[in-house]
Amino acid sequence: AEKWQSKLVTNMLGNNVTLDGSIVEENTEGASSEGDIESLFKAAQYCSRHLKEMSSDENRQDIADLDAFTSMLRYSIKAWSRASDSTLLLPDGSTSLDTTQGVEEMAKVLKCISLTNHSQDSADVDEALVNAAGKVYTEFTSQIRKLDSTMNGHLENNEKCYFADRVADVESSLRSYEFHSRRLASNEKVLPESNNIRHNLYRETLRGCAGVKSSTDYGHMMRICTLIMDCLSWHHGQTRDHGSSKEAEDVTDMYSDIAMISSTCVKNPYERMNVLRSIYDRASDFFPKKNPHHESNYARVDRAALLGSMRRSLGDSEMTDSFLSSFEEGKQGQRRRSRQRGR
């Protein structure tokens with residue numbers, strides 16, 4: 001891994017480019033000329049070329065340091081993202097290099113890390129590999145989202161969305177990661193880092209969904225939101241008898257993001273109310289409980305903050321007030337039933 005990294009640095013510096021994909025020139029920001037753009041694409045091509053060498057079967061034994069290899073994968077995605085960004089706002093046909101090419105190459109980098117277990121006897125290697133994949137998938141999703149953010153910030157009525165274009169890659173990566181992550185759930189020694197990596201992937205994916213503006217993609221976005229809620233509920237169920245509720249991470253932002261995404265993706269207000277009710281019901285597993293022993297050991301959600309997001313999702317109206325009051329009435333009914341059982 002060190003040999004690969006040293007060679008990569010030498011090649012990239014030889015083309016006036018650093019590992020993060022920026023031009024090594026004084027008083028220069030970004031790619032302002034065709035030569036700069038070519039240098040950025042060359043740097044990204046060096047990354048991909050050497051990644052292919054390192055991930056080939058005959059060289060796989062050289063990847064002794066998984067952390068170093070993971071860094072190389074993330075560097076490659078960043079390099080292609082930086083190259084893509086350099087052509088993002090240029091007029092069509094002004095250069096033979098374009099953003100779509102860079103995004104395609106970013107997706108290819110994902111295939112360089114395989115979640116096939118190379119050591120069936122080692123749970124530690126399993127967890128390290130799954131965590132490495134989670135970091136790479138998060139980097140890919142993050143960089144795609146940033147490209148969309150740049151376009152939306154500079155172009156009015158922008159209809160192009162790379163996150164939506166690559167939603168199949170985003171979803172398949174998430175599902176693959178989740179499948180292998182669940183294989184580790186029976187291991188009580190799963191490190192807190194694993195939860196952090198998982199939640200970072202969820203959050204970055206939801207940020208990407210929030211940036212999609214085309215109605216033809218709304219169904220895909222809500223499907224991914226539902227998948228993430230399913231994942232959170234599944235991991236909650238696996239940790240009921242392990243850990244402490246004091247260690248649970250606050251995931252209110254995820255459910256609030258999903259509520260706001262529904263305001264864009266679900267146009268019919270009555271259908272949206274049904275979606276919001278489902279979001280609330282799923283999040284209720286993570287609400288604070290009077291009895292600490294009944295609280296989730298996996299995550300927690302601020303009920304008041306979620307209700308605020310649900311209000312913003314519906315907008316202020318009599319229908320909104322009536323809808324939200326039903327949750328207060330439901331909570332009061334639960335309290336009455338609890339008191340009756342206690343008599």
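The values are calculated or read from the model by the stated rules, or taken from the named source; none is laboratory data. Because the structure is a prediction, the values reported are computed rather than measured. To get the accessible areas, we keep the full protein, side chains included, count just its heavy atoms, and leave off ligands, DNA and RNA. Shrake-Rupley method; radii C 1.70, N 1.55, O 1.52, S 1.80 Å.
Using amide H atoms built in the peptide plane, which far-off residues or other-chain residues are under 5 Å from GLU249 H to H?
Result for GLU249 returns ALA299, ARG300.
Could you order LEU90, LEU129, LEU66 so the one with the most accessible surface comes first? Probe is 1.4 Å. The partial results should precede the final answer.
Numbers: LEU90 65, LEU129 20, LEU66 45 Å².
Of LEU90, LEU129, LEU66, the descending order of accessible area is LEU90, LEU66, LEU129.
From the phi angles alone, apply the Karplus equation (6.51, -1.76, 1.60; θ = phi - 60°) to segment 197-214 and give each ³J(HN,Hα) in whole Hz, x where the residue is Gly or Pro.
Listing the rounded values in order: 5, 4, 5, 5, 5, 4, 5, 5, 5, 5, 4, x, 4, 5, x, 7, 10, 8 Hz.
Using protein chains only and a probe of 1.4 angstrom, how many square angstrom of ASP67 are accessible, to the nearest 10?
Accessible surface of ASP67 is approximately 110 Å².
Just the accessible area for SER71, please: 1.4 Å probe, Å², rounded to the nearest 10?
50 Å²
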